[in-house]
1. Every residue in the stretch 32-51 that is without any contact (Cβ under 8 Å) to a residue 40 or more places away in the chain, in contact with a Gly (Cβ under 9 Å, 6 or more places away or on another chain) and not small (Gly, Ala, Ser), please.
2. When you scan the stretch 46-63, how many residues do you find that are under 16 Å from Ile86 (Cα atoms) and either surrounded by fewer than 14 Cβ atoms within 10 Å (Cβ to Cβ) or more than 17 Å from the chain's Cα centre (by Cα) (or both)?
3. For a quick check of your reading of the model, give me the residue pairs whose first member lies in the stretch 161-173 and is assigned to a helix (DSSP H, G or I), whose second is surrounded by fewer than 12 Cβ atoms within 10 Å (Cβ to Cβ) and not aliphatic (A, V, I, L, M), with beta-carbon atoms closer than 8 Å and at least 6 apart or on different chains.
4. Residues to consider are Val101, Val132; find the one that is closer than 20 Å to Leu53 by Cα, out of contact with any Leu (no Cβ under 9 Å at 6 or more places or on another chain) and modelled with pLDDT of 95 or more.
5. So which residues in the stretch 104-129 are in contact (Cβ under 8 Å) with a residue 40 or more places away in the chain and either over 22 Å from Tyr167 (Cα atoms) or small (Gly, Ala, Ser) (or both), if there are any at all?
6. Restricting attention to the stretch 114-121, does a residue exist that is at positive phi and either in contact with a Pro (Cβ under 8 Å, 6 or more places away or on another chain) or modelled with pLDDT of 95 or more (or both)?
7. Would you say Val76 is β-branched (Val, Ile, Thr) and in contact with a Gly (Cβ under 8 Å, 6 or more places away or on another chain)?
8. Over 29 Å from Gly38 (Cα atoms) and in contact with a helix residue (DSSP H, G or I) (Cβ under 9 Å, 6 or more places away or on another chain) - does that describe any residue in the stretch 107-114?
Amino acid sequence: MLTAFLLIFVGVNLAKAEGQYFQGRLIQGPYKTKIVDGGELSVLETGDKDFPLSLVLDVVDIDGEKARQLVDKYDVAGSNPKIESIFTYPVKGKPNILVLVSWELTSRGIGTYGTLYQVFGYDKGADNKLSVNKLIEFDKMLSGIEGYQEGNPQSFRYKNAAEIKAYIQKFIN
């Protein structure tokens with residue numbers, strides 16, 4: 001009985017904690033997506049100091065009711081995150097939403113500065129929701145620095161949709 005109570009309590013608190021990422025100032029979107037039936041994607045400025053941006057999916061059902069899903073939230077990594085690009089592209093034959101996020105780095109004392117880039121991918125799950133695409137998440141080539149890391153020059157090649165699509169086509173698909 002106590003275990004069941006704790007699970008319900010933790011679940012309610014997690015839902016409350018995630019709720020702050022469902023609202024905020026609209027930064028980008030809404031963008032209609034055919035990946036999720038009746039879906040629109042938006043990027044929100046959450047006001048949270050640790051995760052200042054979130055990607056949400058609004059789904060309108062047959063009755064016109066709108067439900068919002070938290071797709072992802074983007075943390076501070078040297079600076080606040082910036083959404084560079086949002087686009088769709090198939091990964092292994094399955095439609096995906098791809099998001100290019102960047103952060104400005106300024107740790108000149110250790111010789112690290114420039115821009116950090118990370119590509120995030122999301123595909124449709126069985127429940128008509130978006131979930132993280134692990135192939136994109138764990139691909140080390142889809143994250144990198146344009147600038148200097150510990151004094152050594154770094155170059156990140158995949159800074160726009162065309163370059164990301166070409167990489168996926170050649171190395172993942």
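The values are calculated or read from the model by the stated rules, or taken from the named source; none is laboratory data. Quick caveat, the model's predicted, so the values are computed rather than measured. Positions of Cβ are backbone-derived with ideal geometry, glycine not excepted, and every protein chain shown enters the neighbour counts.
1. Lys32, Glu40, Leu44, Glu45, Thr46, Asp48
2. 0
3. Ile172/Lys92
4. From the options Val101, Val132, the qualifying one is Val132.
5. Scanning the stretch 104-129 gives Leu105, Ile110, Gly111, Gly114, Asn128, Lys129.
6. Within the stretch 114-121 (the criterion being at positive phi and either in contact with a Pro (Cβ under 8 Å, 6 or more places away or on another chain) or modelled with pLDDT of 95 or more (or both)), the answer is yes, since at least one residue qualifies.
7. Working: β-branched (Val, Ile, Thr): yes; in contact with a Gly (Cβ under 8 Å, 6 or more places away or on another chain): no.
When the stated conditions are applied, Val76 does not pass them.
8. No; the residues of the stretch 107-114 include none that is over 29 Å from Gly38 (Cα atoms) and in contact with a helix residue (DSSP H, G or I) (Cβ under 9 Å, 6 or more places away or on another chain).
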